[in-house]
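> Questions regarding the structure given below will be posed in turn.
The values are calculated or read from the model by the stated rules, or taken from the named source; none is laboratory data. If you're wondering where the values come from, they're calculated on a predicted model, not measured in any experiment. Cβ atoms come from the backbone with ideal geometry, glycine included; neighbour counts cover every protein chain shown.
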Amino acid sequence: MESNHNLVHHKYELKLKHHYDDAVKEMLKEFPELPKINSERKIIFKSDTEFYEKNIQGSKFVQHVFEGIRDDMYDKLITLSQEELWDYVKDYWMDAGFLQPPYIIVTGRGTDGKYAADINDRDELSGENLTLQKIGCDKIRIFSKGEKLLDMRVKFESQHMATSIKFSGE
């Protein structure tokens with residue numbers, strides 16, 4: 001399990017890989033015909049999309065991985081002081097460091113050539129009154145002064161249960 005945004009900064013370290021390992025063991029018990037090696041499983045999932053979509057993609061195995069990682073991260077984040085949480089988010093999720101850059105959120109949407117975007121100009125980053133909320137099975141939403149600041153999302157690199165875990169800040 002790899003990540004650009006893992007909670008591995010020295011004082012925030014968490015062991016998260018066991019969630020994936022446990023889910024793989026359960027998946028292989030239920031589907032013993034699947035290969036144990038990720039790269040081989042990925043090939044199977046790509047070639048048998050019907051099996052993948054029906055049994056893996058939105059499965060209890062994937063949900064176990066996402067919820068376990070999200071819950072461990074959340075439990076650690078709520079122990080941080082406002083200053084520690086702000087430093088962590090700013091440094092490791094937003095790559096803002098000591099800077100206070102303008103903060104603009106652009107949210108795109110649309111299909112079939114009909115696209116639009118909302119732009120939210122927040123003037124500047126602020127670590128005031130930070131709050132956390134679990135969203136779905138795979139996100140932690142961080143609010144600043146009651147407004148959405150960032151979603152920390154756990155996901156698979158590509159094929160669920162056959163590629164590495166990564167995180168995205170959205």
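> Among Glu84, Glu50, which is the only one that is at pLDDT 95 or above, part of a helix (DSSP H, G or I) and surrounded by fewer than 17 Cβ atoms within 10 Å (Cβ to Cβ)?
Details: Glu84 fails: at pLDDT 95 or above.
Unique residue meeting the criteria: Glu50.
> Right, here's the next one. Find all pairs meeting these conditions: Cβ atoms under 7 angstrom apart; at least six residues apart or on different chains; first residue within the range 58-74 and in a helix (DSSP H, G or I); second residue buried (at least 17 other Cβ atoms within 10 Å of the Cβ) and among the basic types (Lys, Arg).
Arg70/Lys139
> Can you tell me which residue is nearest to Ile165 (Cα to Cα) among those in the range 31-47 that are in a helix (DSSP H, G or I) and not aliphatic (A, V, I, L, M)? Break it down stepwise before answering.
Residues of the range 31-47 in a helix (DSSP H, G or I): 38-47.
Subset that is not aliphatic (A, V, I, L, M): 38-42, 45-47.
On the way: Asn38: 12, Ser39: 14, Glu40: 17, Arg41: 15, Lys42: 14, Phe45: 17, Lys46: 18, Ser47: 21 Å.
Checked the range 31-47; the qualifying residue nearest to Ile165 (Cα to Cα) is Asn38.
> How many residues does the range 48-76 hold that are among the small types (Gly, Ala, Ser) and within 14 Å of His160 (Cα to Cα)?
In the first step, residues of the range 48-76 are kept if they are among the small types (Gly, Ala, Ser); the result is 58-59, 68.
Narrowing further to those that are within 14 Å of His160 (Cα to Cα): 58-59.
Residues meeting the conditions: 2.
> Could you list, in sequence order, the residues of the range 15-30 that are in a loop (DSSP other than H, G, I, E, B) and exposed (fewer than 15 other Cβ atoms within 10 Å of the Cβ)?
Initial filter on the range 15-30 (in a loop (DSSP other than H, G, I, E, B)): 15-16.
Listed by number, the list holds a single entry, Lys15.
> Take the residues in the range 130-157 that are surrounded by fewer than 17 Cβ atoms within 10 Å (Cβ to Cβ) and at pLDDT below 90, then tell me which one is nearest to Ile37 (Cα to Cα).
Out of the qualifying residues, it is Lys148.
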